[in-house]
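Could you have a look at this structure, given as structure tokens, before my questions?
The values are calculated or read from the model by the stated rules, or taken from the named source; none is laboratory data. What you see is a predicted model; the values in this text were computed from it and never measured. Cβ sites come from the backbone with ideal geometry, for glycine too, and all protein chains shown count toward neighbours. The area values use the complete protein model at the heavy-atom level, side chains included, leaving out ligands, DNA and RNA. Shrake-Rupley method; radii C 1.70, N 1.55, O 1.52, S 1.80 Å.
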Amino acid sequence: RAWLLHSINASDEAAASKIASTYIGTKNVAYEPLSIVTRQSDPEFSDVMSWAINALMYAKEQGITADLSKCTPYSSTPTSASELDFLLGVYCLGNSIGDARQIMPEDGDMIGGKGINSINNGTCMINTLPFGNLEDRDADVAQGDLGRIRGSDYLNCGVVVPDNFVGDLREATGVVGMSVTYCTAVAVALMDGKEDAVELFPFVESSNVSYQALHNGTVDILAGAKAKSEITGVTFSTTYFYGNETAEEDLTMYTLATRKDDFKFSSFVNLVVMSTIKADKDGIGRDAHRNMPLISVYGSNIGWALKDAISYSGSYSQILSENFPQSMAATGR
């Protein structure tokens, strides 16, 4: 689309010169996603909105469409988010991409044809959001958990592993390897680029000890945490890997989990995850990490956090291909 850059009279000679010297670029430098905004004061309600959207996208991938025979009311009123059946939205209204094509048919190819919101045998329904301006010239140094962790020189990160996992966490690949990468990326972002400023603690998947460790402060982050609405007191980051379950099973969403008692720290952790996706969308890899934005709004002493994080981890595609070198290197998103 061409946008009006100058309010001028084209018949004017000086104006014509202005038009001739105007350059309209071809690169899209802004994302304009539509989203649901909720108040921060009710995190459970906010989670319900997110789960409802995830259900629509998942239904599209699994080929689940509207089915009025299943569009039935609850036999009793749900009392918690864990009792909600999010697929009811699909059965009653249809899945997200199909509806979007009906509303905006001219954008149909863009919405579904370029890999956005798709799962490639377990890879992702990954897309980024606009970051906006994250600089604050008057910002104080990092406070709260951000300041505490910087002062301790180490980020303590729990990593959820399968029950049969053996070996060194730092040598792991697959989902565990991605979890370790994201743990370390957060540490690097917080600790001025120091890759050794993270302590890793393995927790087997079948045990609930991992969330106890998160709640009691043994670990600051739990990586590989499966986002579940029934887990309370926890903030889950943007999902960095999706399972490939069938529609009849619960969809696994691997995230970084943090305690809900420090919103700014949780936001920072989520931003690091999203930064790898943004870097991928903007074509920024390790070598171009300096092109990532400054984020002094989180603290004047960690303004380079995203530059440092991408310098270590690379973009989302790099993380994915390095942990799934055989099966994932050629897939889209």
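Using heavy-atom solvent-accessible surface (probe 1.4 Å) with all chains present, what is the largest-first order of I36, I302, I231?
Largest to smallest exposure gives the sequence I36, I231, I302.
Rank A197, I221, N208 by how far each Cα sits towards the positive end of the charge dipole of the stretch 191-230 (+1 on Lys, Arg Cβ; -1 on Asp, Glu Cβ) and give me just the farthest.
Checked the options; the winner is N208.
Amide H neighbours of V198 under 5 Å, counting only residues 5+ apart in sequence or on other chains, H built in-plane at 1.01 Å?
For V198, the qualifying residues are L155.
Which shape class applies to the stretch 205-333: rounded if a/c is under 1.5, otherwise prolate when a/b exceeds b/c and oblate if not, where a ≥ b ≥ c are the square roots of the Cα gyration tensor eigenvalues? Could the numbers behind the result be given before it?
Numbers: a/c = 2.27, a/b = 1.13, b/c = 2.01.
Oblate is the answer for the stretch 205-333, as a/c is 1.5 or above yet b/c matches or exceeds a/b.
Just how much of W304 is accessible, in Å², when a 1.4 Å probe is used and the result is rounded to the nearest 10?
120
Give, in nm to one decimal, the length gained when the segment between F263 and D136 is fully stretched (0.36 nm per residue of separation minus the Cα-Cα distance).
Residue separation times 0.36 nm, minus the Cα-Cα distance, leaves 43.9 nm.
Can you compute the modelled spin-label distance between L88 and V204, with each label point 7 Å from Cα toward Cβ, in nm?
Those two pseudo-labels are separated by 3.8 nm.
Rounded if a/c is under 1.5, else prolate if a/b is larger than b/c, else oblate: which is the stretch 265-304, with a ≥ b ≥ c the root eigenvalues of its Cα gyration tensor?
In terms of gyration-tensor shape, oblate.
Follow-up question, since we're still on this one. Over the stretch 133-204, what lengths in whole Å, largest first, do the semi-axes of the equivalent ellipsoid take, defined as the square roots of 5 times the eigenvalues of the alpha-carbon gyration tensor?
29, 12, 10
Further question on the same structure: Structure shown: which of K60/K194; K70/K260; K70/K281; K226/K278; K60/K307 lie over 31 Å apart, alpha-carbon to alpha-carbon?
On the way: K60/K194 41 Å; K70/K260 36 Å; K70/K281 38 Å; K226/K278 22 Å; K60/K307 35 Å.
Where the Cα-Cα span goes over 31 Å, the pairs concerned are K60/K194; K70/K260; K70/K281; K60/K307.
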